Amino acid sequence: MARDNLSDILVFLAVARERSFTRAAVKLGMTQSALSHTIRALESRLGVRLLTRTTRSVSPTEAGERLLRNVAPRLEEIDAEIAAVSELGARPSGTVRITATDHVIDNVLWPRLAAVLPQYPDIQVETSAEYRMVDVAAERYDIGVRWGDQVEKDMIAVRLTPDTKTMIVGAPAYFAHRPVPTSAHDLMKHDCIRLRLAGGGLYAWELWNQGEAIEARVRGQFIFNGVYQMLGAALSGCGLAFLTDDVALPHVRAGRLVSVMEDWCPKFPGLHAYYPSRRHASRALAVVLDAIRYKDDGR
């Protein structure tokens, strides 16, 4: 009975995390009917409903939430222990899932991973480009990447980059008929290229003036939800963009963009990889973290 409960609870956890029988069935390699039968059998044995089902959604009941909260972490700990034992004396292997923005994947993670992973053919790395704040534990990622001040205190953080300067930039063609802004007030008279956050709101430019933090809620014709699109719009002369210097500086040096209000642009506290605390992280995870971490020589 206990063994049946354990295997069926694993099925329940997949459905509860995915909030979908369809996605869970694909992930587990089961048919939806078999998966639904397994959940009903588990609920019957436990004498309690675990999932609330509607035509549009699936969500855990109070009892289901309790299983998610209290049982799932223990099963993950068991999995980690088994993985650690199985890896003893073997080559590092397994899949490491990473969530980060497309720019970070292209310019920070990929160059470092490409230099190291050919030595470890049994390690697979799966990246997902996202701008939203991801709960890596709940969504089954191994690593997330955020600015240092955005990492939750219960996560282990590994620095990927030094503190990063921000820049306000525009193309020479944009400034041909517009004055150069010198203050946050001036920015309100300019066409600013804005960023739509994953939660739906518009990003307020985080500026700095004489020791005081300022959120500039700029206006403009164009709104994007990705860095590359904002950069492209700025290069096309469509407005001013607020970008990190790793994105903008090469174009400033080449004369394609002009940097303004430099004294108003603060530093962000570096990119960090973060992951849940585990007593025994897999060797594959350790290899990937060592490959992407910021080195003292600046790499």
From Cα pairs below 8 angstrom and at least 6 apart in sequence, can you work out the relative contact order of segment 180-221, rounded to a whole percent? 40 percent
Check: C-alpha center segment 142-166 vs C-alpha center segment 233-267, spacing in Å is 23 Å
Run through segment 167-200 and list the trypsin sites (Lys or Arg not before Pro) located in a DSSP loop whose Cβ has at most 14 other Cβ atoms within 10 Å. Lys189
Please list, or write none, the lysines whose alpha carbon is within less than 17 Å of the alpha carbon of Lys267, excluding same-chain residues fewer than 8 places away. Lys165
Any idea what the dipole of segment 1-60 comes to, in debye rounded to 20, about its Cα centre with Lys/Arg Cβ at +1 and Asp/Glu Cβ at -1? 200 debye
Return the single residue from His272, His177, His190 with maximal mean-square fluctuation; model: Gaussian network over the chain, springs between Cα atoms under 10 Å. His177
Which residues qualify? For Lys165, with a placed amide H closer than 5 Å and at least 5 residues away or on another chain, they are Asp245, Phe268
Of Thr182, Thr31, Thr164, the most mobile residue in a GNM of the chain (C-alpha springs, cutoff 10 Å) is Thr31
Interchain or sequence-distant (5+) residues whose placed amide H lies within less than 5 Å of the amide H of Cys192 are Arg219, Gly220, Gln221, Leu240
Just subtract the alpha-carbon distance of Glu152 and Glu77 from 0.36 nm times their residue separation and send over the number in nm, one decimal. 25.0 nm
With +1 at each Lys and Arg Cβ and -1 at each Asp and Glu Cβ, the charge dipole magnitude of segment 188-299 around its Cα centre, to the nearest 20 debye, comes out at 480 debye
Would you mind telling me the share, in percent, of accessible area of segment 175-263 contributed by carbon and sulfur at probe 1.4 angstrom? 51 percent
Percent of Cα-Cα pairs per 10 Å bin, from 0 to the last occupied bin, for segment 115-190, please list those. 12, 28, 23, 20, 13, 3
Along each of the three principal axes of the Cα atoms of segment 162-220, give the extent in whole Å, ordering the values from largest to smallest. 34, 30, 25
Furthest towards positive pole of dipole, Pro172, Tyr274, Gly201, structure part segment 144-276, Cβ charges: Pro172
Could you run the Debye sum over the Cα atoms of segment 122-250, one equal point scatterer each and no solvent, and tell me log10 of I(q)/I(0) at q = 0.21 Å⁻¹, two decimals? -1.36
Cα-Cα pairs of segment 179-277 separated by more than 17 Å (percent): 56 percent
Highest-first arrangement of 36-43, 95-102, where packing means the average Cβ count within 10 Å: 95-102, 36-43
What number comes out for accessible area per residue over the chain if the probe is 1.4 Å? Units Å², please. 56 Å²
Note the per residue figure in Å³ for the convex hull of the C-alpha positions in the chain. 176 Å³
Between Leu160 and residues 5 or more places away or on another chain, the pairs with built amide H atoms under 5 Å apart involve Leu271, His272, Ala273, Tyr294
Relative contact order for the chain using alpha-carbon pairs under 8 Å, separation at least 6, rounded to a whole percent? 22 percent
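The values are calculated or read from the model by the stated rules, or taken from the named source; none is laboratory data. As the structure is a computational prediction, the values presented were derived from the model and not from experiment. Neighbour counts run over all protein chains shown; Cβ positions are idealised from the backbone, glycine included. In case anyone asks, the SASA skips ligands and DNA or RNA and just uses the protein heavy atoms, side chains included. Shrake-Rupley method; radii C 1.70, N 1.55, O 1.52, S 1.80 Å.
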